[in-house]
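Shown next, in structure tokens, is the structure this report addresses.
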Amino acid sequence: MDSTSKQKVLLAIFFSIALIYILRLAVMQLFDDSYLRSAQENVLQEQTIYPARGLVYDRKGELLVYNDAIYDLIVIPEQVKGLDTNEFCRVLGIERIDFIQRFEKIKRGVGYAPYRPSVFEKQLTIPIYAAFQEKLFDFPGFYVEVRTDRKYQHSNAAHIMGYIGEVTDRDIEKSEGYYRMGDFKGISGVERSYEEVLRGRKGVRYVLVDSKSRTQGRYKEGMFDTPAVAGQNIILSIDQKLQELGEQLLNNKIGSVVAIEPSTGEILALISMPTYDPNLFVGRQRGNNYMKLLRDPSKPLFNRPLAAPYPPGSIFKVLMSLVGQQEGVLTPNTMYGCYGGYHMGGLTVGCHPHPSPLNLQGAVAVSCNAYFCHVYRSVIDNPKYPNSESAYKKWYDHISSFGIGHKLGVDLYGEGQGFLPPSTYYDKVYGRFHWKSSTTISLAIGQGELGITPLQMANATAVVANRGYYIAPHVVKRIDGKPNPNPEYNKKHWASVDTQYYGVVINGMQDVIERGTGRVAMIPGIEICGKTGTAQNPHGKDHSVFFAFAPKINPKIAIAVFVENAGFGATWAAPIASLMIEQYLTGKHDTRKYILERMLKGNLVHKNDTATAATQTGKH
């Protein structure tokens, strides 16, 4: 067969096939109306499959956060035809004007398209959900979508857990198509910091529905469906029992507690009081509850441990002891006398009665103001520096290396940096080279312009416990069974003070507990090293401060407690810390019932009308 004949055969085959398709289409369109009816009566509907959000556990495996099913009413605007609006509103329990306003809001939403599903009513009650299921065929364009909301096993740890809430238009724009109107995302706490880990990945299901919104089956037997992928589970570093005890002890008080495992930087407890029940942000009333909490004058939404800069008071003397040694102006045997305080010209910084003179260990033990004013003056007026400004900058760098005055990188939203005044601050106030040690002497005892967050206080305690380093504090220990992948949570940050200088200071901190101002914190059989503080407050009663670590050898817990307007550190802060240390190390906290009962029953709130959580300044 020649080439011309072959071409004719191929053309004949091609035209035969084309003729068969044309005839088949003609039969379908002209004589068989079943396909037309199917197209008219069935609509392909794209339904979002929401993944289960990841679960949250404490460090011992106790479930803290889980999921609960909720039902949202979804609408596809272009499919809403022939709707009995009055009946629809009756079933849903809304007015006709509400119906119109909701449709208008949907049309104004980011990414609106008439063929895209939008949330019409969030979180249907079970009775309304049941009524809709029975009458859904009367409401074309509407269907019920199942998703999950959060449930919190306990009523505590709100500032750690955080909460979820509805996305904003800006969230939708930034999500590159992931979020749509009516979706939820983490707003605060772990829910926010680990949103992408916890949320999982949405799936898509394609179903055929008839003109009465009745499902006719999966499209192509689910060939094009995409399954949802559940969020990853998270294990926190938090000890739930320790957290719960801390909140009970701080109840009816205003303040903070932060406990850290020194060797790892893992946060064992983080307490902000007043607080709130995280379950207030679950369900249809979450918006109303948020506004009530926002208007509460006690500021329960404010995360004090992370963001409130307080004067540290006498606990700052521990850092002064270390910096003085590093700068070569202080040794364990350096003696200073105290004659009712520190006196220079017309300046006096008062002190309480105690034996005098003292060496370094003794000065830490009895918390001598005069001693540490002398140390500060020796650092700032050190002749090896050309001027006070240069010496102050060196002092500033030392203190900063303990994690003071800057963010530590905790994996919770809202961390503040506190305030460690730079030399430029005093240049602006007094003029350059017109200030010296006596001008800023209140810094020596943790007063003045200094503001440190409770998280920074606990972290500085961890530095001392580790004799020189800290790991950035964090609350997530494991993700999906694997260690937290953030490299910062394995990296050691070394302070600028050599390890050799910590021993004498730690011995002094042990003396604080065994024979000094912190004897109330003693626990038989456990060596605790701590420091009490009474931070002056020009707006009301002094603040009660305490930080400590235990045991002395191979420390397992470092803790800082700050109770606003509560007086001496030994009165409230030290007992609270002691009870929590005992709980964490022994699993018990009731061996000293008289202390426990006093802490639980103590009510300082009604006395603290002038209490503030903002930066406090003042001088001894």
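The values are calculated or read from the model by the stated rules, or taken from the named source; none is laboratory data. Being a predicted model, the structure only gives us computed values, none of them experimental. Positions of Cβ are generated from backbone atoms using ideal geometry, with glycine treated the same way; all protein chains shown enter the neighbour counts.
Listed values, structure above:
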| item | result |
| --- | --- |
| Pairs, first without any contact (Cβ under 8 Å) to a residue 24 or more places away in the chain in region 349-375, second aromatic (Phe, Trp, Tyr), C-beta under 7 Å, six or more apart | Pro357/Tyr336; Leu358/Tyr336; Leu358/Tyr371 |
| Exclusive hit being of a type outside the set (D, E, K, R) and closer than 20 Å to Ile479 by Cβ, set Val197, Val204 | Val197 |
| Enumeration of residues in region 559-597 that are of a type outside the set (Phe, Trp, Tyr), part of a loop (DSSP other than H, G, I, E, B) and either surrounded by 24 or more Cβ atoms within 10 Å (Cβ to Cβ) or modelled with pLDDT of 95 or more (or both) | Glu564, Ala566, Gly569 |
| Filter pass, Asp277 being closer than 23 Å to Asn537 by Cβ, at pLDDT below 95 and acidic (Asp, Glu) | no |
| Residues located in region 221-274, provided they are charged (D, E, K, R), farther than 14 Å from Val563 by Cα and at pLDDT 95 or above | Asp239, Lys241, Glu244, Glu261, Glu266 |
| Some residue of region 416-431 being out of contact with any Ser or Thr (no Cβ under 8 Å at 6 or more places or on another chain), part of a loop (DSSP other than H, G, I, E, B) and among the charged types (D, E, K, R) | no |
| Members of region 319-341 found to be surrounded by 24 or more Cβ atoms within 10 Å (Cβ to Cβ) and either at positive phi or in contact with a His (Cβ under 7 Å, 6 or more places away or on another chain) (or both), listed by number | Val323 |
| Unique match (being in contact (Cβ under 8 Å) with a residue 12 or more places away in the chain, surrounded by 16 or more Cβ atoms within 10 Å (Cβ to Cβ), basic (Lys, Arg) and assigned to a strand (DSSP E or B)) among Arg102, Arg147 | Arg147 |
| Selection count, region 107-122, where residues are at pLDDT 80 or above and surrounded by fewer than 18 Cβ atoms within 10 Å (Cβ to Cβ) | 2 |
| Every residue from region 384-407 that is of a type in the set (S, T, N, Q) and either within 17 Å of Gln325 (Cβ to Cβ) or assigned to a helix (DSSP H, G or I) (or both) | Ser388, Ser390, Ser400, Ser401 |
| Test result for Lys393, touching a helix residue (DSSP H, G or I) at 6+ places or on another chain (Cβ under 9 Å), surrounded by fewer than 17 Cβ atoms within 10 Å (Cβ to Cβ) and over 26 Å from Lys492 (Cβ atoms) | no |
| Lone unmet requirement of (1) crowded, with 16+ Cβ neighbours inside 10 Å; (2) at pLDDT below 80; (3) among the hydroxyl-bearing types (Ser, Thr, Tyr) for Tyr71 | (2) |
| Subset tally (residues that are closer than 12 Å to Ile576 by Cα and either surrounded by fewer than 22 Cβ atoms within 10 Å (Cβ to Cβ) or β-branched (Val, Ile, Thr) (or both)) for region 233-251 | 3 |
| Yes/no for Ala259 being touching a Ser or Thr at 6+ places or on another chain (Cβ under 6 Å), under 25 Å from Gly414 (Cβ atoms), of a type in the set (A, V, I, L, M) and buried (at least 17 other Cβ atoms within 10 Å of the Cβ) | no |
| Tally, over region 171-203, of residues that are part of a helix (DSSP H, G or I) and either within 26 Å of Leu306 (Cα to Cα) or among the polar types (S, T, N, Q) (or both) | 10 |
| Some residue of region 43-52 being surrounded by 10 or more Cβ atoms within 10 Å (Cβ to Cβ) and modelled with pLDDT under 70 | yes |
| Given (1) out of contact with any helix residue (DSSP H, G or I) (no Cβ under 9 Å at 6 or more places or on another chain); (2) modelled with pLDDT of 95 or more, index of the condition Val429 fails | (2) |
| Complete set of residues in region 532-559 that are under 27 Å from the mean Cα position of the chain (by Cα) and of a type in the set (Lys, Arg) | Lys556 |
| Close pairs (7 angstrom Cβ cut-off, 6 or more residues apart or separate chains): farther than 23 Å from Leu455 by Cα in region 154-171, basic (Lys, Arg) anywhere | Ile164/Arg150; Ile164/Lys185; Gly165/Arg286; Val167/Lys185; Asp171/Lys185 |
| Residue under evaluation Gly165, criteria (1) of a type outside the set (S, T, N, Q); (2) modelled with pLDDT of 85 or more; (3) out of contact with any strand residue (DSSP E or B) (no Cβ under 6 Å at 6 or more places or on another chain); (4) at positive phi, criterion not met | (4) |
| Residues that are of a type in the set (A, V, I, L, M), under 18 Å from Lys531 (Cβ atoms) and out of contact with any Lys or Arg (no Cβ under 8 Å at 6 or more places or on another chain), drawn from region 279-328 | Leu319, Met320, Leu322, Val323 |
| Complete set of residues in region 115-136 that are among the aliphatic types (A, V, I, L, M), closer than 23 Å to Ile100 by Cβ and assigned to a helix (DSSP H, G or I) | Ile128, Ala131, Leu136 |
| Qualifying residues in region 530-543 (those that are part of a strand (DSSP E or B) and touching a residue at least 60 places away in the same chain (Cβ under 8 Å)) - the one farthest from Gln361 (Cα to Cα) | His543 |
| Count of region 532-545 residues which are within 26 Å of Thr591 (Cα to Cα) and either modelled with pLDDT of 95 or more or β-branched (Val, Ile, Thr) (or both) | 2 |
| Positions within region 598-620 being in a helix (DSSP H, G or I), within 27 Å of the chain's Cα centre (by Cα) and modelled with pLDDT under 90, in sequence order | Val605 |
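Every residue, every condition in (1) modelled with pLDDT under 90; (2) touching a Ser or Thr at 6+ places or on another chain (Cβ under 8 Å); (3) among the β-branched types (Val, Ile, Thr); (4) surrounded by 15 or more Cβ atoms within 10 Å (Cβ to Cβ), yes or no:
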| site | (1), (2), (3), (4) |
| --- | --- |
| Cys351 | yes, no, no, yes |
| Leu358 | no, no, no, yes |
| Tyr376 | no, yes, no, yes |
| Lys384 | no, no, no, no |
